[in-house]
1. Give me 63, 99 ranked fewest to most by other Cβ atoms within 10 Å of their Cβ, as a rough exposure proxy.
2. What ranking of 174, 215, 189 emerges when the number of other C-beta atoms within 10 Å of each C-beta is taken as an exposure proxy, fewest first?
3. Rounded to two decimals, what ratio of Rg to Rh does region 242-380 give with C-alpha atoms and a Kirkwood Rh?
4. Going 7 Å from the Cα of residue 234 along its beta-carbon direction, which residues of region 194-227 have the amide nitrogen within less than 12 Å of the resulting point?
5. Full-extension gain between residue 148 and residue 86, please, as 0.36 nm times their residue separation minus the C-alpha to C-alpha distance.
6. Kirkwood-based Rg over Rh for region 64-216 (C-alpha set), two decimals?
7. Please report the Cα spread of region 93-163 along all three principal axes, rounded to whole Å, starting with the longest.
8. Nearest 0.05, what FRET efficiency do residue 340 and residue 224 give at R0 = 45 Å with Cβ-Cβ as r?
């Protein structure tokens, strides 16, 4: 009997404990969990002490004061896609990407797909792109020409005309293209000169947007995917850029004719019997100008032995150019985008694509032109 009582007591105790445990379990299911943003859950205490959580992402604290402040936009002579007042208001609390460019620069043109993609992806998340148009040639100072280029390439972000290079000099810039990226407080946090390193720049954009969200108390994470655009592939070697203006000729040997450059004079040029690669040769009467050469005889030719994949010219005035490659009319497999049936119709002051090929190689390009044709430079890619 005693054993039966003892067994019954033990069973009763077990039942009571079980009921209590089940009740506690269901009580805890109804109780909300609390996570402090000041002390986020982390396996790494050092990170939790030196960072702030935004959403599900931890953003490291940064001492912005160690970075220089971006200078103001100064000496601006014109505005495209914005006004001075609207631009000033738009810059407040924004991550700003200053893109120094000029519209006849092929290296600048090849960055546009990335800039346009970043503008579309991040402009509503706190990024502001400002195109700082700093001209290389005189015709690039014309705001109508710049507006034409902005429309042609579909650039929807603000562009300012830095015709006297005042902002260029304030930044201490020396390159086209050049990217200066500032945080939302205006400190320059990243720079890149020339083409390339697009993934690196975009990752910094994302980082600075996260810091901005933290500073402004916005519980938003930036998209961590990267823009997927095929990057231009350069040849291992190529002919360097060749200038026609005598102001660009100091210390450089672009012109192969023995007559050479003669400032502000009209010179009769004759083709020599031997031609060297990476130099251009003239035939006819050409006026030597500070940034270009202008054909004044009825007809004339330019002959260029080069090594590259693509060939471009910066040209002005109305003219029809006949294009020959290696002594023959240029074929469709080599013709650039501006060539139609072996002819380029120059009608605007801009960059023209003459040769476009899949691989780099040595060729001789001949351009036959008429009076009035003006050429500034050969560029390659």
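1. With the fewest neighbours first, 63, 99 line up as 63, 99.
2. Least to most surrounded, the residues fall as 174, 215, 189.
3. Looking at region 242-380, the ratio lands at 0.93.
4. From region 194-227, the list is 194-197.
5. 20.2 nm
6. 0.93
7. Sorted from largest, the Cα extents of region 93-163 read 37, 22, 18 Å.
8. Rounded to the nearest 0.05, the efficiency is 0.50.
Computed from the coordinates by the stated procedures, all read-outs in this text should not be read as laboratory data. Please read these numbers as outputs of a predicted model, since none were measured by experiment. Positions of Cβ are backbone-derived with ideal geometry, glycine not excepted, and every protein chain shown enters the neighbour counts.
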